[in-house]
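The structure under discussion appears below in the form of structure tokens.
Where a number appears in this text, it was derived from the coordinates with a stated rule and is not lab data. Please read these numbers as outputs of a predicted model, since none were measured by experiment. Don't worry about glycine lacking a Cβ; one is built from the backbone with ideal geometry, like all the others, and counts go over all protein chains shown.
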Amino acid sequence: MNTIAIGIGTNQGDRILSVSTVLKKMLHHGLRIIQVSGLYESKAVGYQSDNLFLNAVVKVETQLEPLEVLEILMAIEADMGRIRLQNGYSDRPMDLDILAVGSKIIQTEDLQVPHPRIHDRAFVLVPLLEVWPDWVHPQTGVSIESMAKQVQNQILQKIEPDDFI
């Protein structure tokens, strides 16, 4: 059984509905949802955009291998209108990233786990801390709590929708 943290991000369309839709699609594909973080708004990172991102992290369990989960996530993104560009970041209706797979380290052409930029992004670390407070980065040995404290200067706004699942 694999325990996997998946980052969810969207900055186009009805963002709350998109997060809800993604969670339902994950369930449909056999990913057992253990916990979903709160929703956080933040500015785009790596490029300029007038659209704020809505981010969350979901912790799932599955018998599937991480590369199989990655295929599912990419299919969900495409189904929701994601078009991957070769040159950099852009606005997108859905972005799904495998952030962590327990204490595993995975380095393939298609998948790097833990996510290579996990340590410097508040919009990932803060919601990850909510769903997996005892997770420790398997390469650095640094706790999720310590990493989250290092990015507390980044602007992140928690929002409270009525119901998004």
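For the chain, the Cβ-based charge dipole about the Cα centre amounts to some 180 debye (Lys, Arg positive; Asp, Glu negative; other atoms uncharged).
Only DSSP H runs of four or more residues enter the estimate; each adds -39500 (n - 2.57), and after division by the residues of the chain the mean residue ellipticity at 222 nm equals -8500 deg cm²/dmol.
Cross-link partners among lysines for LYS104, C-alpha distance below 27 Å, same-chain residues fewer than 8 apart left out? In chain and number order, the partners are LYS24, LYS25, LYS59, LYS149.
If one puts a single equal scatterer on every Cα of the chain and applies the Debye formula without solvent, what log₁₀ I(q)/I(0) results at q = 0.13, 0.14, 0.16 Å⁻¹? Treating every Cα as an identical point scatterer, log10 I(q)/I(0) equals -0.58, -0.68, -0.91. Mean-square fluctuations from a GNM of the chain, with a 10 angstrom spring cutoff on Cα atoms, peak among GLU77, GLU145, GLU65 at GLU65. Between the residues SER20, ILE76, GLY102, the greatest Cα displacement towards the positive end of the dipole of the chain, with unit charges on the Cβ of Lys, Arg, Asp and Glu, is found for GLY102.
Pick out, from ALA56, ILE118, LEU156, the residue whose Cα sits farthest towards the positive end of the charge dipole of segment 2-159, with +1 on the Cβ of Lys and Arg and -1 on the Cβ of Asp and Glu. So the residue we want is LEU156. If a spin label sat at a point 7 angstrom from the Cα of GLU160 along the line to its beta carbon, the backbone N atoms of segment 5-43 nearer than 17 Å would be those of 37-41.
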